[in-house]
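Participant: Here it is, the structure, as C-alpha cells.
The values are calculated or read from the model by the stated rules, or taken from the named source; none is laboratory data. Quick caveat: nothing in here was measured; it's all calculated off a predicted structure. Virtual Cβ from ideal backbone geometry, glycine too; neighbours counted across all protein chains shown.
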Amino acid sequence: MALWGLIYWAFLLLLALAVICVLLYCGYIHYIHMKYDHIPAPPRDSFFFGHSPTILKVMKSNELVYDLFLDWVLKYGPVVRMNVLHKVTILVVSPDTVKEFLMSPKYNKDWVYDRLSNIFGVRFMGKGLLTDRDYDHWHKQRRIMDPAFSRTYLIDLMGPFNDNAEKLVETLTERADGKRHVGMHDMLSRVTLDVISKVAFGMEMNSLEDDQTPFPKAISQAMRALVEMRNPLIRFSWEKQGFIKEVQKSIMLLRKTGRECIAKRQKEIQDGAEIPVDILTQILKGAALEEGCDMEDLLDNFVTFFIAGQETTANQLSFAVMELARHPEILEKVRAEVDEVIGARRDIEYEDLGKLQYLSQVLKETLRLYPTAPGTTRALEKEIVIEGVKISPNVTMVFNSYIMGRMEQFYPDPLVFNPDRFHPDAPKPYFTYFPFSLGPRSCIGQVFAQMEAKVVMAKFLQRFEFELVEGQSFKIVDSGTLRPMGGVICRLRPRTKSKK
C-alpha cells in the first residue's frame, strides 16, 4: 500500500508540474502577443498555434502559401506579423529594408536555416555554405570556394555545358514526333543533375540515359521535407511516418554518394593525379585549412552544391519553356536572336552568351514571376522601425522575392510575362528582385547557373518547335523550391531550318 501511495503522490506531483509548465508557457505566449500585437496581421486562428492552421490548410490544398502572404501584404501593409506557437515572424516588402538587411553583413541568417542542417534526425546540409549562420566561419568558407566560380574556371565549363545540353537534345530528338508527351521538367532536372555532378564533382551520373537513377527522386524527397516541416507536429503524425522514413533514406543516399566521391578524390590527390579546380577540390582545400574538419563537414557542402546546383536551374528552365510556349510572340523574338547569334553551330561559345541579350531578359523575367528560391530570412537582434512600425528584437525577418515581384507598385501588370522589363534601358528594380538573394550572402553559383541555363535554353530553341499539351496544370508547387506542378508537358518537333 505504501508503494501505491508513493506512486499516487508522484503522479500528482508530475501532473502539477505539467500544469505549471503549461501555465508558464501560456503566460509566455501571452507576453509575446502583448509585445508584438501592434504589428499589423490577420486574426490568429488560435491562441497556441497562431496563424499556422491557415497556413497548413493552404499547403494541404496544394495552393502556394506565398500567394496567401501576398494577399496579407496587400490587405495589411508592407509589414505583416505571423505567429506560430511562441515564434513571431515579420514579413517585410519594403525595398529600403531589403537593402538594409541583405546588403549588410551585420544581420545574420535566422534559426530557420537550422531546418536545412538536420532533417528528421539525419544530417542534411549541416554547416555548409548555405546554412552556416556564423558570419566569420561562413566568410572563410566563401573565400575558399571563390576560385571554383572564377571567370576563368567558368569559361572552361562551356565544354561540359555544351556536351550535356547536346545529350539532352539527342534524347529529346528521339521523342520529337509531334505526338508524344514529354515532361520537360523531368528532362531538364536530369540534364542539370548530370551537369552539376560532372563539373562540380567529376561524377558521371548519366541520368538522361538512366531512367532508374534514384537521385532525382532523392533530391525531390529531401526538398519536399523542408515544406512539410512547416508543420511543427509532423514528427508525431502517424500518416507521415512512411514519408519521414523515405526522406531519411534519401538524405543518407546523397551523403553516401558524397562520401564515395570524396574518398575517390582524396585517393587521386594522394596518387599525384592531375586534379581539376572544381567545387570538390575547393571543399577539400577548405578542410585542409580548418582544424577539426571531418568527413561529415565535407559532406555538408557536397550536399549543398549537389542540390542547389541542380534543383533551381531545372525549375527556372521549366518555367521559361512554359511561358515561351504560352507567348508565341516572345518565343519568336528570342528564337530569332538564337538563330542570329548561334545559327546551326553545335557548340555555343562563351562570347555568344553576352550576345543573347533577349534570352537573358526572358530568363530574368522568369525568375521575377517564378523565383525558384523565393526568399530568405534574417535575425533581428536590435529594435528597428520599418514603415513607421516599431519591431522589437528576437524575431525572424522574412524577405520574399516572389511576393515583391507580383506587386503592382513595383511592377506594372505584374502577372504579365514581359521580358522587356529587363531591357538594358528599362528602369532597374530597386531591391525588389533578388532570386539569388543579395549582398555578401548572395548565391555563389548564380553566374554558373545562368550560363548553364542560357546554353541549355539556346540549344533547345535552336533545335525544336514545341507546344504545351492541353489540360495540364500551370500552378506552382512549393517543394522546397518553386517548381511547375504539371511538369510542363510538351509535344516537340524538330525545327526544319536555322540560319548560318
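Participant: What are the residue pairs meeting all of these: first residue in the range 173-187, first residue farther than 12 Å from Phe466 by Cβ, second residue aliphatic (A, V, I, L, M), Cβ atoms under 6 Å, and 6 or more apart or on different chains?
Facilitator: So the pair list comes out as Gly183/Ile489; His185/Val488.
Participant: Right, something else. Which residue, of Arg335, Arg345, is on the phi < 0 side of the Ramachandran plot, surrounded by fewer than 23 Cβ atoms within 10 Å (Cβ to Cβ), modelled with pLDDT under 95 and among the basic types (Lys, Arg)? I'd like the intermediate steps shown before the answer.
Facilitator: Working: Arg335 fails: modelled with pLDDT under 95.
One residue alone meets the criteria, Arg345.
Participant: Being in contact (Cβ under 8 Å) with a residue 40 or more places away in the chain, part of a loop (DSSP other than H, G, I, E, B), polar (S, T, N, Q) and closer than 30 Å to Lys475 by Cα is true for just one of Asn108, Asn62, Asn83. Which residue is that? Please lay out each step first, then the result.
Facilitator: On the way: Asn108 fails: closer than 30 Å to Lys475 by Cα; Asn83 fails: part of a loop (DSSP other than H, G, I, E, B).
Sole residue among the options that is in contact (Cβ under 8 Å) with a residue 40 or more places away in the chain, part of a loop (DSSP other than H, G, I, E, B), polar (S, T, N, Q) and closer than 30 Å to Lys475 by Cα: Asn62.
Participant: Would you mind stating whether Phe215 is in contact with a Cys (Cβ under 8 Å, 6 or more places away or on another chain) and surrounded by 17 or more Cβ atoms within 10 Å (Cβ to Cβ)? Can you show your working first?
Facilitator: On the way: in contact with a Cys (Cβ under 8 Å, 6 or more places away or on another chain): no; surrounded by 17 or more Cβ atoms within 10 Å (Cβ to Cβ): yes.
So Phe215 does not fit the description; no.
Participant: Among the listed residues Ile269, Ile330, which satisfies the condition of being surrounded by fewer than 21 Cβ atoms within 10 Å (Cβ to Cβ), modelled with pLDDT under 85 and either in contact with a Pro (Cβ under 9 Å, 6 or more places away or on another chain) or in a helix (DSSP H, G or I) (or both)? Please lay out each step first, then the result.
Facilitator: Numbers: Ile330 fails: modelled with pLDDT under 85.
The unique qualifying residue is Ile269.
Participant: While we're on this one: Quick one: count up the residues across the range 381-433 that are among the basic types (Lys, Arg) and either without any contact (Cβ under 8 Å) to a residue 60 or more places away in the chain or not assigned by TED's automatic domain parsing to the domain that holds Lys106 (or both). Before you say what the answer is, go through the steps one by one.
Facilitator: Of the range 381-433, the ones among the basic types (Lys, Arg) are 382, 390, 406, 421, 428.
Pick out the ones that are also either without any contact (Cβ under 8 Å) to a residue 60 or more places away in the chain or not assigned by TED's automatic domain parsing to the domain that holds Lys106 (or both) and you get 382, 428.
Residues in the range 381-433 being among the basic types (Lys, Arg) and either without any contact (Cβ under 8 Å) to a residue 60 or more places away in the chain or not assigned by TED's automatic domain parsing to the domain that holds Lys106 (or both): 2 in total.
Participant: Can you find, within the range 28-43, the residue that is nearest to Val80 (Cα to Cα) among those that are free of Cβ contacts under 8 Å to residues at least 40 places away in the same chain and surrounded by 10 or more Cβ atoms within 10 Å (Cβ to Cβ)?
Facilitator: Taking the range 28-43 and keeping what is free of Cβ contacts under 8 Å to residues at least 40 places away in the same chain, we get 30-31, 34, 42-43.
Filter again for surrounded by 10 or more Cβ atoms within 10 Å (Cβ to Cβ), leaving 30-31, 42.
Details: His30: 19, Tyr31: 19, Pro42: 8 Å.
Step by step, filter the range 28-43, then rank; the result is Pro42.
Participant: Follow-up question, since we're still on this one. Go through (1) among the basic types (Lys, Arg); (2) touching a residue at least 60 places away in the same chain (Cβ under 8 Å); (3) out of contact with any strand residue (DSSP E or B) (no Cβ under 7 Å at 6 or more places or on another chain) one by one and return the number of the condition Arg378 breaks.
Facilitator: Against the list (1) among the basic types (Lys, Arg); (2) touching a residue at least 60 places away in the same chain (Cβ under 8 Å); (3) out of contact with any strand residue (DSSP E or B) (no Cβ under 7 Å at 6 or more places or on another chain), Arg378 comes up short only on (3).
Participant: Sort through Leu85, Leu130, Leu56 and tell me the only one that's assigned by TED's automatic domain parsing to the domain that holds Gly445 and at positive phi. Before you say what the answer is, go through the steps one by one.
Facilitator: On the way: Leu130 fails: at positive phi; Leu56 fails: at positive phi.
The match here is Leu85.
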